[in-house]
Amino acid sequence: MNKTALLAFALALCTGTQAQQKSVTFDQAFRGTPTNLMKPLPTFSKWVDNSHYIETRKSADGATKQYSVDIKTGNSTEYTGAVGEKSAAVPAIAITGARNQTASPDGKYFAYTKTDNNLYVMEVATKKETRLTSDGNDSLLNGYSSWIYFEEILGRQTRYKAFWWSNDSRQLAFMRFDETGVPVFPIYVADGQHGYLENNRYPKPGDKNPNVRIGIAHLDNNNITWADFNEKDDQYFGTPLWTPGGQLWVQWMNRGQDELKVYGVDITSGQKSLVYEEKQKTWIDLDDTDRIEFIADGRQFIVKSDESGWRHLYLHDATGKRIAQLTNGDYTVGEIYKVDEKAKRVYFGARKENSARWDLYSVGLDGKKMLRHSFGEYSFNGMNISPDYKHFITTYSNLATIPTAVVVDMKGKIVREIASANGTEAANYTLPKKELLRVKSADGLFDLPVLITYPVNFDPNRKYPVLVSIYGGPNAGQVYDQYRMSATEIWWAQEGLVQVSFDNRSSGHFGKKGMNFIHRQLGKYEIEDFMTCAKYMRSQPWVNDKKIAITGGSFGGYMTCMALTYGADVFTHGIANASVTDWQLYDTHYTERFMDTPAENPEGYKNTSVMTYADKYKGLLRIVHGTTDDNVHMQNSIQLINKLEDLGKHFEMMVYPNERHGIGGNKQTKRMHLISENAAFYYLQLLEKPIPAAFWKKEVKGF
């Protein structure tokens, strides 16, 4: 890093003259009062034809309407017709006790589960309800996910839904979970005179997982076909896929999570046949829900795989035979946006030019003639490609460029600017400057991304405290060349905080190649990379090296705890929210993916536990946890507290009764209290100035 260049940049920040401008207020920063710095962009759904798209926006009377818009002129007319394939009109039916009520593709049925943990369907026309399973109970769940699958495999967005309609609406694939052998973790709720326990089935590393079966329910006869897997095997199943031809594909993975197999399952017999297999020395992500893209009516499919060290595209035929590698190189491929089967090209997003930016590319289905279709040094969000593959709608931005929606041709030329997110008050505020730079890792292998938000009216002759906001988990980077400017961020820049984000080698910037470093030592390289970045910040002449604070939640809380113990010679203050403190205390699927089991890797678990380094603790750490956190149990914080107390260490603790993993989910007053307490910490420990009285107002209206 050229420190002279950075200093010159910093000096330039404070030399410009500025007219008297607004500052962000407390209510804008913390209670949601609009700043009007930015305005929402229109949303784009589908294309009417090759030269008209559907835009959703507010009309003059304030109503939200759809318009057909000409891509070149921008002329629009209100749109009331159907776009593309007509979706079935499904009448609204409130089914008593139904969970995850989901319409069939043809709109003739609803599928759902009930609290008896059985799977049901209702025919819309007759309102006739049919129960498809009958063995559901408290520990046997049909179509309703076990917690470990909800959290780690199927995803929170499913709301525990574990059933999937076939394309022809005649079958329902579902998962059946037998949790009988899964350990129960008790969570104490202190309400009332005696309190009570919530008992949750939560497997921790090395524990038994739920037994899972894959069922196919047939609406014609209400029979169930079971896929040919042994439910007692130590295994995982990913989200099932229905092929265009009506076959069910099931993703299977071993307990060690280093072997993936995709099977085609005959829906009548349940017999399975292998269509895809992948093995890696470290791990494979099972929660990759868009791994497979079917083309040619299911005769071929494209797989996304990071087996090479970088996530790339591979073309296979229906038997699983690899036809071609479509992309290659030291960059990450993301979403497949569209496949032009006539021209034999696939359009996709990738971080090829810069790992902090997303661009649009296409490549032939033979792996040749890769083209970039986006332009400039920007990051692009969303790619809505026209039916004739000649244009796309996207939003572009970078640190200095506010998001702008445009129509672009496939040569990267802007055809028309649709709208800018620039708000009516954007020119009236003094905004902080931002910079994205790279710091060489201690071992010299990686250029780690660092995003700095400078204080408003930055003065390089002052000494500023630093606040590092962190997450740090695998493939969960935070540093991107995109425009982001929140009112809260501006507030702290006005108050004189240097705000920083770091990304480590496992953040996704360096592909699976970078992530593989953390195998069997989750947290080791991450904290070392963060220490390297923090040392760089400490070396700047405008940084107060006695005030290097760090904060984060969940994995970020773990990183914060490690920073004040393992990294206590670098970091001075921290607020750790809902922290993992020892990987033996988290769940099976997430932890074992990276660490294996405690029996297989005892040294790895010891060397990545915060408790191992508690004797090195210094500075000031505030530990924050919700008492009913059912994701990262408060047990984590309690065990760290116990260790610090035994060592005679001074720290702070803030408990939020009856709050889950995200504090404020139950009560907004709790959320405002958390914000106020964190602010008090920053004012007292970092800024050394009085806490504004507004933080302690009781009213939370509008928040």
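The values are calculated or read from the model by the stated rules, or taken from the named source; none is laboratory data. For clarity, every value in this text was computed on a predicted model and none was experimentally measured. All Cβ positions, even for glycine, are placed from backbone atoms using ideal geometry, and neighbour counts span all protein chains on display.
Quick rundown of the values:
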{"read-out": "Residue in segment 408-419 that is aliphatic (A, V, I, L, M) and within 26 Å of the chain's Cα centre (by Cα) present", "value": "no"}
{"read-out": "Test: residue in segment 423-433 that is within 23 Å of THR56 (Cβ to Cβ) and in a loop (DSSP other than H, G, I, E, B)", "value": "yes"}
{"read-out": "Test: GLU688 is surrounded by fewer than 16 Cβ atoms within 10 Å (Cβ to Cβ) and at positive phi", "value": "yes"}
{"read-out": "So VAL415, is it of a type in the set (Val, Ile, Thr), touching a strand residue (DSSP E or B) at 6+ places or on another chain (Cβ under 8 Å) and surrounded by 17 or more Cβ atoms within 10 Å (Cβ to Cβ)", "value": "no"}
{"read-out": "Test: residue in segment 384-395 that is in contact (Cβ under 8 Å) with a residue 12 or more places away in the chain, closer than 21 Å to ASN50 by Cβ and either in the same structural domain as GLU55 (by the TED database) or among the aromatic types (Phe, Trp, Tyr) (or both)", "value": "yes"}
{"read-out": "Check on ILE187, over 22 Å from GLY264 (Cα atoms) and either surrounded by fewer than 14 Cβ atoms within 10 Å (Cβ to Cβ) or among the hydrophobic types (A, V, I, L, M, F, W, C) (or both)", "value": "yes"}
{"read-out": "Single match in ILE267, ILE284 (criterion: part of a loop (DSSP other than H, G, I, E, B) and in contact (Cβ under 8 Å) with a residue 60 or more places away in the chain)", "value": "ILE267"}
{"read-out": "Looking only at segment 357-386, and only at residues there that are in a loop (DSSP other than H, G, I, E, B) and among the hydrophobic types (A, V, I, L, M, F, W, C), the one that is nearest to the chain's Cα centre (by Cα)", "value": "TRP358"}
{"read-out": "Residue identified as among the aliphatic types (A, V, I, L, M), under 33 Å from the mean Cα position of the chain (by Cα) and under 30 Å from ASN211 (Cα atoms) among LEU141, LEU41", "value": "LEU141"}
{"read-out": "Whichever residue in segment 268-284 is within 24 Å of ASP596 (Cα to Cα) and either among the polar types (S, T, N, Q) or at pLDDT below 95 (or both) and, among such residues, is surrounded by the fewest Cβ atoms within 10 Å (Cβ to Cβ)", "value": "THR282"}
{"read-out": "Scan of segment 627-664 for residues that are without any contact (Cβ under 8 Å) to a residue 40 or more places away in the chain and either touching a helix residue (DSSP H, G or I) at 6+ places or on another chain (Cβ under 8 Å) or assigned to a strand (DSSP E or B) (or both), ordered by number", "value": "LYS643, LEU644, LEU647, LYS649, PHE651, GLU652, MET653, MET654, VAL655, TYR656, GLU659, GLY664"}
{"read-out": "Where MET175 falls short, out of the listed (1) part of a strand (DSSP E or B); (2) among the hydrophobic types (A, V, I, L, M, F, W, C); (3) out of contact with any helix residue (DSSP H, G or I) (no Cβ under 8 Å at 6 or more places or on another chain)", "value": "(3)"}
{"read-out": "Criterion (under 28 Å from ASP258 (Cβ atoms) and not in a helix (DSSP H, G or I)) met by exactly one of GLU592, GLU600", "value": "GLU600"}
{"read-out": "Among the candidates ILE548, ILE518, ILE527, residue that is in contact with a helix residue (DSSP H, G or I) (Cβ under 9 Å, 6 or more places away or on another chain), modelled with pLDDT of 95 or more, crowded, with 21+ Cβ neighbours inside 10 Å and within 24 Å of ASP330 (Cβ to Cβ)", "value": "ILE518"}
{"read-out": "Some residue of segment 570-592 being in contact with a Pro (Cβ under 8 Å, 6 or more places away or on another chain), farther than 25 Å from ALA679 by Cα, surrounded by fewer than 21 Cβ atoms within 10 Å (Cβ to Cβ) and β-branched (Val, Ile, Thr)", "value": "no"}
{"read-out": "Conditions (1) at pLDDT 95 or above; (2) closer than 17 Å to ALA318 by Cα; (3) not hydrophobic (A, V, I, L, M, F, W, C); number of the one not met by GLN235", "value": "(2)"}
{"read-out": "Unmet criterion (only one of (1) surrounded by 16 or more Cβ atoms within 10 Å (Cβ to Cβ); (2) at pLDDT 95 or above) for ARG660", "value": "(2)"}
{"read-out": "Among residues of segment 163-186, those that are within 27 Å of ARG255 (Cα to Cα) and either modelled with pLDDT under 95 or of a type outside the set (D, E, K, R) (or both), counted", "value": "14"}
{"read-out": "Which numbered condition GLN257 misses (of (1) crowded, with 18+ Cβ neighbours inside 10 Å; (2) of a type outside the set (Val, Ile, Thr); (3) at pLDDT 95 or above; (4) closer than 22 Å to ILE336 by Cβ)", "value": "(4)"}
{"read-out": "Selected residue (criterion: nearest to THR424 (Cα to Cα)) from residues of segment 23-78 that are of a type in the set (Gly, Ala, Ser) and in a loop (DSSP other than H, G, I, E, B)", "value": "SER23"}
{"read-out": "Segment 405-419: number of residues that are out of contact with any Gly (no Cβ under 7 Å at 6 or more places or on another chain), in contact (Cβ under 8 Å) with a residue 40 or more places away in the chain and farther than 15 Å from MET383 by Cβ", "value": "1"}
{"read-out": "ASP545 assigned to a strand (DSSP E or B) and within 30 Å of LEU687 (Cβ to Cβ)", "value": "yes"}
{"read-out": "Yes/no for ASP258 being without any contact (Cβ under 8 Å) to a residue 40 or more places away in the chain, closer than 20 Å to ASN516 by Cβ and not assigned by the TED database to the domain that holds ARG505", "value": "yes"}
{"read-out": "Hits in segment 432-446 - residues which are surrounded by fewer than 17 Cβ atoms within 10 Å (Cβ to Cβ) and either more than 15 Å from TYR480 (Cβ to Cβ) or among the small types (Gly, Ala, Ser) (or both)", "value": "LYS440, ALA442, ASP443, GLY444, LEU445"}
{"read-out": "Residue that is surrounded by the fewest Cβ atoms within 10 Å (Cβ to Cβ), among those in segment 304-356 that are among the β-branched types (Val, Ile, Thr) and assigned to a loop (DSSP other than H, G, I, E, B)", "value": "THR319"}
{"read-out": "Per-region count, segment 387-415, residues hydroxyl-bearing (Ser, Thr, Tyr) and part of a loop (DSSP other than H, G, I, E, B)", "value": "1"}
